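See below for the structure under consideration.
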Amino acid sequence: MAGWREQKQKALADIHGTFEIPAVYLTHAAGTPVRVNVRLHLAQVVQQNQIDDWSNGATVLDMTNRIKFQKTLALPKVHTRAYVIFGNSEAYITGPSKPEREGYIWVEVSEVPQADLTALLSSVDTTGTVWEGIIS
């Protein structure tokens, strides 16, 4: 019988597999693109009528956008200020990260403005197989 650590690791892998989104990881414009499957966690927006009512405070613990990467041989670590591109209109730039834990790396991200994303994609060769299904 598997121990609790093995059971937890399997459960995390199941969760990651269920909610993963294909993306392209790019350290900089001249870097080599890497196809990754990540989980995107967007910070919840508190509506104006909830500002003084903290009865549901536990549901707004995520104050920043985060991406969870699965540590692999192709992606042993995540660099700061790298791009995670989900498509022509959605990309994030990486910020501070937590140390790898149980095979996953949590990274704070911020959204890339559309003008910057368009300029980045125009300077990168997006014809390879790594970009299939990402760039239309």
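The values are calculated or read from the model by the stated rules, or taken from the named source; none is laboratory data. For clarity, every value in this text was computed on a predicted model and none was experimentally measured. When we count neighbours, we look across all protein chains shown, and the Cβ atoms used for this are built from the backbone with ideal geometry, even at glycine. These area figures cover heavy atoms from the full protein model, side chains too; ligands, DNA and RNA do not enter into them. Shrake-Rupley method; radii C 1.70, N 1.55, O 1.52, S 1.80 Å.
Does any residue of the range 86-108 turn out to be open to solvent by 80 Å² or more (accessible area, probe 1.4 Å), in a helix (DSSP H, G or I) and within 21 Å of THR64 (Cα to Cα)? Among the residues of the range 86-108, not one is open to solvent by 80 Å² or more (accessible area, probe 1.4 Å), in a helix (DSSP H, G or I) and within 21 Å of THR64 (Cα to Cα), which makes the answer no. Candidates in the range 109-136 are the residues that are open to solvent by 60 Å² or more (accessible area, probe 1.4 Å) and assigned to a loop (DSSP other than H, G, I, E, B); of these, the one that is farthest from ILE21 (Cα to Cα) is SER123. Selection of first residues in the range 113-131 that are within 19 Å of ILE93 (Cα to Cα) and free of Cβ contacts under 8 Å to residues at least 24 places away in the same chain and of second residues that are assigned to a loop (DSSP other than H, G, I, E, B) and open to solvent by less than 40 Å² (accessible area, probe 1.4 Å), restricted to Cβ pairs under 7 Å at least 6 apart or on distinct chains, gives an empty result. Total residues in the range 7-44 satisfying the condition of being farther than 15 Å from LYS68 by Cα, open to solvent by less than 40 Å² (accessible area, probe 1.4 Å) and small (Gly, Ala, Ser): the figure is 1. Within the range 9-40, restricting attention to residues that are touching an Asp or Glu at 6+ places or on another chain (Cβ under 7 Å) and either in a loop (DSSP other than H, G, I, E, B) or modelled with pLDDT under 85 (or both), the residue that is nearest to GLY87 (Cα to Cα) is LEU12. Residues in the range 67-85 that are within 14 Å of THR32 (Cα to Cα) and open to solvent by 80 Å² or more (accessible area, probe 1.4 Å): HIS79 alone.
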